[in-house]
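Heads up, the thing below is written out as structure tokens.
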Amino acid sequence: MQAVKSIGAIGAESLWHPIKQHNGLKENPMVPIVSGEGAYIVDENGKRYMDAISGIWCVNVGYGREELADVAYEQMKRLPYASASMTTEPSAMLAQKLLQTLNMEGRVFFTNSGSESNEAAFKIVWQYHQQSGEKDGHNRKKIISRYRAYHGNTLAAMSATGQAERRIGYGLNVPGFIQVPPPYPYRKDVHHTEEEHGEVCAQWLDDVINYEGSQTVAAFIMEPIISGGGVMIPPDSYISAIRRVCDKHGVLLIFDEVVSGFGRTGTFWGHEHWNVKPDIVTCAKGIASGYQPLGATIVSQKIFDAFISTEADMKHFRHINTYGGHPVATAVGLRNIEIIEREGLVARSAKLGAYIHKQLEELVEHPYVGDVRSRGLLLGVELVNNKETKESIDDSIINGVIANMKEQGVIITRNGNTIPNLCNVLVMAPPLVCTEADADYLVHSLKSALLDSIKQV
């Protein structure tokens, strides 16, 4: 009789996992994850882990929410599917809610992911400029983004992504995508204050637009806080200066809120920290806390109005997703936001994030810790071999810290596959429902792992 294979063994023979080298997996298959509750997941052996990265930055309201399962079940019974070209109650109500949270008049185009949200945004800005009535609108095709930022894995979204290691082996960018350096206070010019550094970085954008010809530039896309690229928080001077530069050149400003939205940074939207209004917001992840695949591209009324005409003019947006605005996904998304608001999870993110940051600041005395930075429950610790030169930590050490923490029952990550020789930032983004006890566990585990890293050298 043939032996029954374990799920781990079947997975090792059949699954292709992203961002993972599979050499050796058949001999040492991964232990399957079988359940989750709150900030924790459990594997099939019963080992419990604090998921301090919220899946992939998305499980904001935590695991085990039966309320969301019930909403999905009831919606599936009532109406399991409708085309995005139709109106359903959950899609209409969620669109209205998103606009209300932004205090924006406009429209919401639903997608299935952050990559698709950004892909739709690029098509919207290209079409908008062509039919907006501006003199050189037909020439505005270029999209400017920033190095270290991540905007997705579809073709245009990857071209906007400023992470060289993500593109190795895939060829060159789609033409017309350009990157500029981001603000990076930890590695700024020592002669500048942080606020001067922010102004200088905004000036780089201004310079590039001038060099390219402002009449050829369609939009600038940015995460309010670069997340997967290393939790890079801009100086307060930066984003308002970026808004001025975009307005000066007639360039649309897109805020990629895929990670920083829905309470992650201690405000509902990440850009609220700087009180700057975007032209377009893209989002996903926390919109449904990972319980359903869902994303959205949200545009101002000014942009939407450029798409209004007669059928013969072909000015309508000619882009559709089979599952965009899916009634089950939008029903879950709507209830997810209700939970965030009802339980005060945005304020909780701000308070608990400050509590963790205060403890993490003690780590700056550690010989490998160069910088600690956070906003809400989005936290980064940059590790270096030398505090004077800021040389990045050896891969073996940072991987050892992550493995050590997993052994202790805490899952974190790093800014892997981003910038050559700068994948040296430990990244944490626990669910917004975690407690002070969970936070203490996270910090204790990190301190212990860093202490062990010294002993190993």
Checklist outcome for this item: Given unit charges at Cβ for Lys, Arg (+) and Asp, Glu (-), the dipole magnitude of segment 1-91 about its Cα centre in debye, nearest 20, is 260
Checklist entry - What 222 nm value per residue comes from the helices of the chain, counting each DSSP H run with n ≥ 4 as -39,500 (n - 2.57) and dividing by all residues, nearest 500 deg cm²/dmol? => result -11500 deg cm²/dmol
Next on the checklist: Suppose a student asked you for the relative contact order of segment 67-342, using Cα pairs under 8 Å spaced at least 6 residues apart; what percent would you report?
Outcome noted: 29
Item to check | Those aspartates and glutamates that a straight Cα-Cα span of less than 20 Å connects to K141, excepting residues fewer than 8 apart in one chain | outcome: E116, E119, D206, D207, E212, D247, D256, D279, D305
Checklist outcome for this item: Assertion target for W16, W57, W204, ordered by fewest C-beta neighbours within 10 angstrom first, is W16, W204, W57
Checklist entry - Going down the table (K285/K447; K188/K387; K5/K406; K142/K302), which pairs top 22 Å between alpha carbons? => result K285/K447; K5/K406
Item to check | Two-site label geometry, Q100 and R167: point separation in nm, points 7 Å out along Cα→Cβ | outcome: 4.1
Checklist entry - Of G228, N415, Q75, which is farthest on the positive side of the dipole of the chain, counting Cα position, with +1 on Lys and Arg Cβ, -1 on Asp and Glu Cβ, and the Cα centre as origin? => result Q75
Checklist entry - Once Lys and Arg get +1 and Asp and Glu get -1 on their Cβ, which of W269, P182, A296 lies farthest toward the positive end of the dipole of the chain? => result A296
Checklist entry - With r defined as the distance between the Cβ atoms of N385 and N275 and R0 fixed at 51 Å, what FRET efficiency is calculated, to the nearest 0.05? => result 0.85
Checklist outcome for this item: The Kirkwood hydrodynamic radius of segment 67-342, taken as the inverse of the mean 1/r over all distinct Cα pairs, in Å, comes to 19.2
Checklist outcome for this item: Exposure-ranked with fewest Cβ neighbours within 10 Å first, E44, E194 stand as E44, E194
Checklist entry - In square nanometres, what is one fourth of the surface area of the convex hull spanned by the alpha carbons of segment 120-231? => result 7.8
Checklist entry - Spin-label point model (7 Å from Cα, Cβ direction): what's the A437 to R244 distance in nm? => result 5.0
Item to check | Using θ = phi - 60° and Karplus 6.51 cos²θ - 1.76 cosθ + 1.60, couplings along segment 104-121 (whole Hz; Gly, Pro as x) | outcome: 10, 8, x, 9, 10, 10, 8, 9, 10, 6, x, 4, 5, 4, 6, 4, 5, 4
Checklist entry - Most exposed first by the Cβ proxy, i.e. fewest other Cβ within 10 Å, how do D438, D256, D279 rank? => result D438, D279, D256
Checklist entry - What distance in nm separates the simple spin-label points at K5 and N421, each placed 7 Å from Cα in the Cβ direction? => result 4.3
Next on the checklist: If the only charges are +1 at each Lys and Arg Cβ and -1 at each Asp and Glu Cβ, what is the size of the charge dipole of the chain around the Cα centre, to the nearest 20 debye?
Outcome noted: 740
Next on the checklist: If you average the C-alpha positions of segment 136-204 and of segment 369-441 separately, how far apart do those two centres end up, in angstrom?
Outcome noted: 23
Next on the checklist: Can you find, among G36, I239, G106, the residue sitting farthest towards the positive end of the charge dipole of the chain, where Lys and Arg contribute +1 and Asp and Glu -1 at Cβ?
Outcome noted: G106
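A short reminder: the numbers here are calculations on the coordinates, not readings from a lab. Not measured: the values here are computed from a predicted model. As a convention, Cβ positions derive from the backbone with ideal geometry for all residues, glycine included, and neighbour counts pool all protein chains shown.
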